[in-house]
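The values are calculated or read from the model by the stated rules, or taken from the named source; none is laboratory data. Because the structure is a prediction, the values reported are computed rather than measured. No Cβ is skipped: glycine too gets one built from the backbone with ideal geometry, and neighbour counts run over all protein chains shown.
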Amino acid sequence: MYAVIKTGGKQYRVAPDDIINIEKLPGDAGEQLQFTDVLMIGGDGDPVIGSPLVEGASVAAEVVEQKRARKIIVFKKKRRKNYRRKHGHRQHLTAVRITDILTDGKKPAKKAAPKAKPKPKDDAKAKAAEGGKPNQKKGQDDISLISGVGPALEKKLHGFGVTEFKHIADMSEADIEKMDAELSLGGRPMREDWIEQARELMAGKPPRAKADKKAAAKNTD
């Protein structure tokens, strides 16, 4: 069974378990959505075409994630006017999974709320004792140990998919330049020599920032 729905000014042919990217809709991952603008329903037998909508039909979906499309470059130029403007744009999208196609005014089944897992009281202290940050996920490195990486920049890197020292250590100069351009880092990765810093941290050497502080303290003594 399949349906044709309209959302965000576009039409999509969908079937159960399909994952589609649509214009951004509010909602966190796991939340349920219902599309009531159904233009056609097909499957066994003749398709049902709406005029303009199929009466009593709807499509249930679940939000998978909120994301952004690949960057496009918008360049404007006016001849003989010395006018040039260059901008980048990344469209906001919502990835949804189609769960059901409903007819005759049926409502989607309510999803059972997941049971909350009990959190240990000293969870933050336990993680800090293990050497990681309280909010640091298992398998991630503390990227902020690299000189020049603060909390805001660390969040940007995680969004770019850089969560371990290995990700930076294995980068080529072209990869570094691409990351620098997309995250607007102003040349910091090359200036601070992030690749070499990541390799040193993987080898167990102390962070450069701490080493510089110790050296400065000895000089003052």
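In the range 41-66, which residues are β-branched (Val, Ile, Thr), closer than 29 Å to Arg90 by Cβ and buried (at least 16 other Cβ atoms within 10 Å of the Cβ)?
Going residue by residue through the range 41-66, those that are β-branched (Val, Ile, Thr) are 41, 48-49, 54, 59, 63-64.
Subset that is closer than 29 Å to Arg90 by Cβ: 59, 63-64.
Across the range 41-66, the qualifying residues are Val59, Val63.
Residue pairs whose Cβ atoms lie under 9 Å apart, separated by 6 or more positions or on different chains, with the first residue in the range 3-19 and closer than 11 Å to Val59 by Cβ and the second of a type in the set (Asp, Glu), are Ile5/Asp37; Lys6/Asp37; Thr7/Glu23; Thr7/Asp37; Tyr12/Asp18; Pro16/Asp100. Output the residues belonging to the range 165-202 that are touching a residue at least 24 places away in the same chain (Cβ under 8 Å) and small (Gly, Ala, Ser). Selection gives Ala169, Ala198.
Would you confirm, using the coordinates I've provided, whether Val38 is in contact with a Gly (Cβ under 7 Å, 6 or more places away or on another chain), surrounded by 10 or more Cβ atoms within 10 Å (Cβ to Cβ), in contact (Cβ under 8 Å) with a residue 12 or more places away in the chain and within 30 Å of Lys178 (Cβ to Cβ)? Spelling it out, it is not the case that Val38 is in contact with a Gly (Cβ under 7 Å, 6 or more places away or on another chain), surrounded by 10 or more Cβ atoms within 10 Å (Cβ to Cβ), in contact (Cβ under 8 Å) with a residue 12 or more places away in the chain and within 30 Å of Lys178 (Cβ to Cβ). Among the strands (runs of 3 or more DSSP E) confined to the range 8-66, the ones with at least 2 residues that are aliphatic (A, V, I, L, M) and at pLDDT 95 or above are located at 19-23, 38-42. Does the range 85-102 hold any residues that are of a type outside the set (Lys, Arg) and more than 21 Å from Ile20 (Cα to Cα), and which are they? If the condition is that a residue be of a type outside the set (Lys, Arg) and more than 21 Å from Ile20 (Cα to Cα), then His87, Gly88 are the ones that fit. Of the numbered criteria (1) within 30 Å of Gly161 (Cα to Cα); (2) surrounded by 17 or more Cβ atoms within 10 Å (Cβ to Cβ), the one Asp28 fails is (2). When Glu173, Glu192, Glu164 are screened for being modelled with pLDDT of 80 or more, in contact with a Ser or Thr (Cβ under 8 Å, 6 or more places away or on another chain) and over 18 Å from Lys71 (Cα atoms), only Glu192 passes. For the range 75-87, the criterion of a residue being closer than 30 Å to Lys6 by Cβ, at pLDDT 85 or above, not in a loop (DSSP other than H, G, I, E, B) and not hydroxyl-bearing (Ser, Thr, Tyr) is satisfied by at least one position.
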